[in-house]
Structure formats: structure tokens, C-alpha cells
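The values are calculated or read from the model by the stated rules, or taken from the named source; none is laboratory data. Owing to the predicted nature of the structure, the values given are computational and were not obtained by experimental measurement. Here the Cβ positions follow ideal geometry from the backbone for every residue, glycine too, while neighbour counts run over all protein chains shown.
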Amino acid sequence: MAKSRHDASEEQTGSAEHRQSGEHAGGGMGMRGVSRPMHESHDHGMSDSQRSEMLRMHHQQTLWVYWTILLVGVWVLLSPVTFGYGKAMVVPSGERGVWFSSLTHDELRATLMTFSDVASGLLLLVFGWRALRPNRPVSLWVCCFVGVWLNVAPVLFWAPTAAAYLNGTIAGALLIALTILIPGMPNMIMYMQMGPPTPPGWSYNPSSWPQRWIMIVTGFAGWIVSRYLAAFQLGYIDQIWEPFFGQGTRQVLNSDMSHMWPISDASLGALAYTFEFLMGYMGSPARWRTMPWMVAFFGILVIPLGLTHIVLVISQPVVVGHWCTLCLLAAAIMLPMIPLEVDEVVAMGQHMIDAKRRGDRGGSLWTIFWKGGQADDCTADERSPELMQLPERPGRVFVASIWGMSFPWTLIATSAIGIWLMFAPTVFALQQSTETFDAADVMHLGGALILTTAVIAMGEVLRLGRFLNVVLALLVIGLPWLLTGGDTASHINNAVCGIAVILLSIPRGPKQEMYGRWDRFVR
């Protein structure tokens, strides 16, 4: 749709105001064309009629998005007859059954996927048509959740063909983008409170685009790796790449540990990474304040679920008796995401406490959680570089993307000791068995957990977590003496490594940023 000169003039004026308010300096993607009208204004006193008119104009400018939802609905509706879900079906790797069954239930899986796509397509046609009119947030959210479901269905139903899996995940991701990423949150114009994006007392904005860019990149990388592992588990490919550990990856993916789940655990990981990747795009550079619910859900995906994923991977040599290179790669991608995301969660938590005390949204914590609060004491983001500078100044943008992390030599050395402990049982030729818990297992798990703790503690808001390594080091020193499988050389090695970890965990290391009231916990 061509824009009139009046519209272009308005956008230029809005851009100037946007830069003055400091949000434009928050990374350079805050406006995204016409899709962020509220981010072009810093007027806190807009009337309901003005907001309604802005909503109408925004809907008119993004009307193509809602028509595209209808087209995706037609695509999804006709996918089963186009791609033939019931033809050339595959069985999961290792000839495992599905849903804790000993059978593969090929016909049932094809039927469920067909029904899912037909029902999803019909819902998109009905609610996509309703969304063609402005002020229809429920219809847009229904279309968004259809997109979520299209990502879930191939995992839950063990999609019997690669086409069914790919079609569902790509169409689902596209729908999420069309409903809440490109046009923004439905009807957020009606309640969003504007203001500068940097939290009170903070030296940087944890929701700036450079800060989110690194999360988008790592989330996408994790998605690609996990999807490849899922393709093997679901039976779409017969071979899996393993450069270092022989048949280790195949053994892990077909192990009893993997079969503990009623669905493919690799495809579940790919699903989590999909949402992490997409959620990186959600919201403005002030989303820690305007969208606490989204930051909270993003934090849950990255922090507790990420830790669970990492723990499962590091337990593989103990439970299965094999290493998996790509599983280690997926865990290595997830590990730095935790300290990179936790600062945004801290900023969100601080804001909710402040907003509750001020009486924002009538003092309702529940309403603040879903709609955000005021920008009292926030400051302009004059520090974050523009994301568009990445091709010319990649170093500057990358450094800005990891603000909130610092790398004391003590934590780097602790990480190196953790890596050594993971592989020390092989160096010392220690005997180990999946039937018993022995000294080699302590070294494997202890080293991996020490490494994990050290990397997470590189996030300054979690620097206190380094003291957990003191406990882990004591276990590495003492437990092998009580178990079988160790020898004198390995015990001496464990003692030296454990004492070193304890000593290295004492100093805090440099603190480079400020975090408002959280500063007192960075010690």
C-alpha cells in the first residue's frame, strides 16, 4: 500500500520524537516501519478517543498482515491433501513405539495430523476474517495460539512425514509473527504507557535490540541443532553426524533415558528453542516494563527449562554411558543464554515491585503483570548502538549485546577446571558402569556442574551463585573416596582441582554495570 505524503510526514515527525525520547537509541528496531505507532510518541496523557484513532490508523497500515493470516489458513487447511500425510510414513529411530506404546500407530498419527491441520485452517479462516476489522484482539490471539498449536502438533503427534513436521513448524512460526510480532501485541495501543526505556539506576537497557539480538541468534542456532536431532529421532533421516564419539549420538538418542518421554525429547527441545527465538522479537526496547508477562515467560523458557536441558545433557555419560556431540553443542548454546537473559528478568521484577508501591494500574499486581506500569525515574537509552550498525561495526554491537556479563579470570579458570574434570576419567582410564555410581561419575557430573555454575555466575546479577561451586568442589574432593572406581592419582587430581575451585570462588571479580537496587546483591 502506497503511503501519502501526509503519512510520510507523520512518520518522519514521529521518528524525530522517538529519537528525542531515547528509545530509538535502544537498538534501532523499535519502530519497524508502521508497526510501532505508540513507540513514536511520549505523550502520557492520550485520551481514549485518540488511542482508538491511533489503533484504527495502525490497523489500516498493517492490513496486509491480517489478509496474510487468511492465506496461511487456506495453506494449512489444504496441507494434508497436498503433502499426503498418510503416504510414505516413517517410523521413529530405533524402532521405538510412540506415547509409551510398543507400536508406532502410523495411521493414527497421520489421522491426527490431518485433523489438526484441517481444524487449524478452519479456525484461521474464521478468526482471520474477524481480524480484518480493528479492535478484535481476541481473534488475533486465537490465530496466534493456532500458530503455537501448529508447532506443538507435529511433536505431540509424532508427525509421520518430514513434510508434515516442516509444514506445521514453519506455518506456526509464520502465524506467530503475523499476529503478535509484526503488528505488535493486539490492542496494546489502548493501554501502553510510554516513557524512556532504561530502568531506574541501571547503566544500560537489558531490553535493547543489541541485548535481544544475541538471544535471537543463539535461540535460532539451538533450534537448528535440535531440529536436526529431532529429524533423526522422528525417523526422517537414517544417519546422524557424530565427529568424536563413534556411535555415541545414536546411542543417546535411542537410549532408555530418551525413551522416558512419551514424545521425542529432541523435538521438544526444538519446540522450546522455536519459542525462545520468536520471543526475542517481541515488544519494544522497554518491554521489561511494558510486557512483564512476556519477559517472565521468556525467562521461564530460558532459565529453569534451560537448566533442566543442560542437566539432562551432562547426565548422559552417567546414565547412558555415551557422549553426544550435538547434544553438548545444544547445551553449550543454551548455557550462555541464561546469564544473558536473567538481567531482563531482574529489571522486570524490580519494575513490578516499584509499580505496585506507586499504585500503578490501581495497585493491582495482576494487572501490572499483564499491562505494565509507568516509566517513573526511567532514563533515555543513549548508550546502546543501533542494530543497523552491525554490518559496519560488529564488534561494538556484539559488546553491547553481552552487557551484564563480565569474565573475571577466576571464573574462566574455574570453567577450565570443570572441563578438565569432565574428561579426566578418560585420561586416568577409570572404569565406569551405568549400573553403579562410581568415582568417574562424580568427576563427570562435578566438572560439568562446576562449569555450568561458573558460566552462569559470569552474569553479574547472578555473581553470588559462584559460591555454589564451593559445595560442588567439596563433593568432588570427598565423594570419590567413598565410591569404587577411583585410584590414588585421580583422588589427588580431584583434591587439587577442588581446592583450586574453592579458592577461585572467593573473589567476586570486576563489576562493570549498575543494576539499580540489585547492586547490593552483586558481591
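Consider segment 492-511. How many of its residues are surrounded by 13 or more Cβ atoms within 10 Å (Cβ to Cβ), within 33 Å of the chain's Cα centre (by Cα) and aliphatic (A, V, I, L, M)? Total satisfying the criteria: 3.
For segment 245-297, which residues satisfy the criterion of being of a type in the set (S, T, N, Q) and assigned to a helix (DSSP H, G or I)? If you could, list the steps in order and put the result at the bottom.
Initially, segment 245-297 is screened for residues of a type in the set (S, T, N, Q), giving 247, 249, 251, 254-255, 258, 264, 267, 274, 284, 290.
Within segment 245-297, Thr249, Gln251, Ser258, Ser267, Thr274, Thr290 meet the criteria.
Please pick out the residue among Trp288, Trp223, Trp261 that is out of contact with any Lys or Arg (no Cβ under 9 Å at 6 or more places or on another chain), in the same structural domain as Asp376 (by TED's automatic domain parsing) and touching a residue at least 60 places away in the same chain (Cβ under 8 Å). Walk me through it before giving the result.
Numbers: Trp223 fails: touching a residue at least 60 places away in the same chain (Cβ under 8 Å); Trp261 fails: touching a residue at least 60 places away in the same chain (Cβ under 8 Å).
It is Trp288.
Going through Leu63, Leu77, Leu55 one at a time, which residue ends up being at pLDDT 90 or above and in contact with a helix residue (DSSP H, G or I) (Cβ under 9 Å, 6 or more places away or on another chain)? Break it down stepwise before answering.
Values: Leu63 fails: in contact with a helix residue (DSSP H, G or I) (Cβ under 9 Å, 6 or more places away or on another chain); Leu55 fails: at pLDDT 90 or above.
Just one listed residue meets the conditions, Leu77.
When each of Leu122, Leu132, Leu112 is tested for being assigned to a helix (DSSP H, G or I), out of contact with any Gly (no Cβ under 9 Å at 6 or more places or on another chain) and surrounded by fewer than 22 Cβ atoms within 10 Å (Cβ to Cβ), the lone residue that passes is Leu112.
In segment 123-147, how many are touching a Cys at 6+ places or on another chain (Cβ under 7 Å), at pLDDT 95 or above and of a type in the set (A, V, I, L, M)? Give the derivation first.
Filtering segment 123-147 down to residues touching a Cys at 6+ places or on another chain (Cβ under 7 Å) leaves 124, 127-128, 131.
So of that shortlist, the ones also at pLDDT 95 or above come out as 124, 127-128.
If we keep only those that are of a type in the set (A, V, I, L, M) too, we end up with 124.
The qualifying residues number 1.
Can you pull out every residue in segment 399-413 that is of a type in the set (Gly, Ala, Ser), in a helix (DSSP H, G or I) and within 21 Å of Glu344 (Cβ to Cβ)? It would help to see each step written out before you state the result.
Keep residues of segment 399-413 that are of a type in the set (Gly, Ala, Ser), which gives 400-401, 404, 406, 413.
Applying the additional criterion that residues be in a helix (DSSP H, G or I) yields 400-401, 413.
Ala400, Ser401 - these are the residues of segment 399-413 that are of a type in the set (Gly, Ala, Ser), in a helix (DSSP H, G or I) and within 21 Å of Glu344 (Cβ to Cβ).
Every condition in (1) of a type in the set (Phe, Trp, Tyr); (2) closer than 30 Å to Trp293 by Cα; (3) modelled with pLDDT of 95 or more holds for Trp370 except the one numbered (3). Within segment 434-441, is even one residue in contact (Cβ under 8 Å) with a residue 40 or more places away in the chain, acidic (Asp, Glu) and more than 23 Å from Leu474 (Cα to Cα)? Within segment 434-441 (the criterion being in contact (Cβ under 8 Å) with a residue 40 or more places away in the chain, acidic (Asp, Glu) and more than 23 Å from Leu474 (Cα to Cα)), the answer is no, since none of the residues qualifies.
Apart from one condition, Gly283 fits all of (1) surrounded by fewer than 23 Cβ atoms within 10 Å (Cβ to Cβ); (2) over 20 Å from Val152 (Cβ atoms); the exception is (1).
Yes/no per residue for (1) of a type in the set (A, V, I, L, M, F, W, C); (2) in contact with a Cys (Cβ under 9 Å, 6 or more places away or on another chain); (3) part of a loop (DSSP other than H, G, I, E, B):
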site: Tyr204; (1), (2), (3): no, no, yes
site: Gln239; (1), (2), (3): no, no, yes
site: Leu301; (1), (2), (3): yes, no, no
site: Gly306; (1), (2), (3): no, no, no
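Entry remark, segment 172-188: residues being part of a helix (DSSP H, G or I) and crowded, with 23+ Cβ neighbours inside 10 Å number 6 in total.
Restricting segment 408-428 to residues that are of a type in the set (Ser, Thr, Tyr) and closer than 13 Å to Gly498 by Cα, which is surrounded by the most Cβ atoms within 10 Å (Cβ to Cβ)? Lay out the reasoning, then the answer.
Keep residues of segment 408-428 that are of a type in the set (Ser, Thr, Tyr), which gives 410, 414-415, 426.
With the extra rule that they be closer than 13 Å to Gly498 by Cα, the set shrinks to 414-415.
Working: Thr414: 27, Ser415: 20.
The residue in question is Thr414.
Quick one: how many residues across segment 135-151 are out of contact with any Phe, Trp or Tyr (no Cβ under 6 Å at 6 or more places or on another chain) and surrounded by 21 or more Cβ atoms within 10 Å (Cβ to Cβ)? The total comes to 6.
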